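Take a look at the structure set out below.
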Amino acid sequence: MTPRSALPLLALAVACAHGGPSAPAAATPKSSPADYFPLAVGRSWTYVDESPALPPEGRGTTRTVRILARTPDGYFRDNERGELRADRDCLHDRLRRLLCAPLEKGRSWSSVVALGSTERFEIVGVGETVATPAGTFEGCVRVRAHNRASAETDHVLEIAYAPGVGPVRLETFALVKGEVTPLVRAVLQSYEVGGRK
């Protein structure tokens, strides 16, 4: 997964309030992945780019993702051409399972995204607090995905999902010979989900 391919994922996987309201209360451990990404036509999420790989003058741009339609097979299509669907056990796009139950630390799964390319996912945090320009969100679930780019390089994606809101923070890293290089960081600036702003 490249940093460029991560942005559309953030756009919908990468969740309109202004200021600092707190998120809904933490969901129970028996929550479904759908509780962490409320998909419906008309909902939107605006993210601000804080990527450390950008020069300081290039940071601060925003990107809004809005769900435009539901496809006949049940996926929600956004303005970035991303498509997501939440089933009982997993939130997924057309290629990968992004968040799967049970929502417990250490839960792992994999998705084959192309010939010879498998992404490995793991829930690395549950019940976390994430502060963003849109507010402070409690009860977040953080998922880490690894994709082997070469014998010495992994691309890593982390997404923090807030219950009742969706993705509130996305970060990508390059892991080369054990050395971590931050690439992309985007955080939720505002959102509109079911009348909540």
Residues within region 112-123 that are over 10 Å from Ala145 (Cα atoms) and either buried (at least 16 other Cβ atoms within 10 Å of the Cβ) or in contact with a Pro (Cβ under 8 Å, 6 or more places away or on another chain) (or both), tallied: 1
Single condition Gly106 does not satisfy, out of (1) over 16 Å from Arg144 (Cα atoms); (2) more than 17 Å from the chain's Cα centre (by Cα); (3) part of a loop (DSSP other than H, G, I, E, B): (1)
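Mind telling me which of the residues Leu183, Leu175 ends up being surrounded by 14 or more Cβ atoms within 10 Å (Cβ to Cβ), of a type in the set (A, V, I, L, M), in contact with a Pro (Cβ under 6 Å, 6 or more places away or on another chain) and at pLDDT below 95? First the steps, then the outcome.
Numbers: Leu175 fails: in contact with a Pro (Cβ under 6 Å, 6 or more places away or on another chain).
Result: Leu183 is the single residue among Leu183, Leu175 that is surrounded by 14 or more Cβ atoms within 10 Å (Cβ to Cβ), of a type in the set (A, V, I, L, M), in contact with a Pro (Cβ under 6 Å, 6 or more places away or on another chain) and at pLDDT below 95.
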Sole residue being under 18 Å from Asp35 (Cβ atoms) and within 15 Å of the chain's Cα centre (by Cα), chosen from Val48, Val143, Val156: Val143
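Are any residues in region 129-145 outside any loop (DSSP other than H, G, I, E, B) and either hydroxyl-bearing (Ser, Thr, Tyr) or crowded, with 18+ Cβ neighbours inside 10 Å (or both), and if so, which ones?
Step one: filter region 129-145 for residues outside any loop (DSSP other than H, G, I, E, B), giving 129-132, 135-145.
The answer is Thr129, Val130, Thr132, Gly135, Thr136, Phe137, Gly139, Cys140, Val141, Arg142, Val143, Ala145.
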Condition broken by Leu84, with the remaining ones in (1) modelled with pLDDT of 95 or more; (2) over 14 Å from the mean Cα position of the chain (by Cα) satisfied: (2)
Count - residues of region 54-89 that are surrounded by 16 or more Cβ atoms within 10 Å (Cβ to Cβ) and either touching a Pro at 6+ places or on another chain (Cβ under 6 Å) or not hydroxyl-bearing (Ser, Thr, Tyr) (or both): 13
Of all residues making up region 146-172, the number that are at pLDDT 90 or above, in a strand (DSSP E or B) and of a type in the set (Val, Ile, Thr): 4
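Looking at Arg148, Arg169, which is the one that is surrounded by fewer than 20 Cβ atoms within 10 Å (Cβ to Cβ), out of contact with any Pro (no Cβ under 6 Å at 6 or more places or on another chain) and either over 22 Å from Glu50 (Cβ atoms) or not aromatic (Phe, Trp, Tyr) (or both)?
Numbers: Arg169 fails: surrounded by fewer than 20 Cβ atoms within 10 Å (Cβ to Cβ).
Exactly one of Arg148, Arg169 is surrounded by fewer than 20 Cβ atoms within 10 Å (Cβ to Cβ), out of contact with any Pro (no Cβ under 6 Å at 6 or more places or on another chain) and either over 22 Å from Glu50 (Cβ atoms) or not aromatic (Phe, Trp, Tyr) (or both), namely Arg148.
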Members of region 48-69 that are out of contact with any helix residue (DSSP H, G or I) (no Cβ under 6 Å at 6 or more places or on another chain) and either among the hydroxyl-bearing types (Ser, Thr, Tyr) or closer than 16 Å to Val193 by Cα (or both): Ser51, Thr61, Thr62, Thr64, Arg66, Ile67, Leu68, Ala69
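The values are calculated or read from the model by the stated rules, or taken from the named source; none is laboratory data. What you are looking at is a predicted structure, and each value in this text was computed from that prediction instead of being measured. Cβ coordinates were reconstructed from backbone atoms using ideal geometry, including for glycine residues, and neighbour counts include every protein chain displayed.
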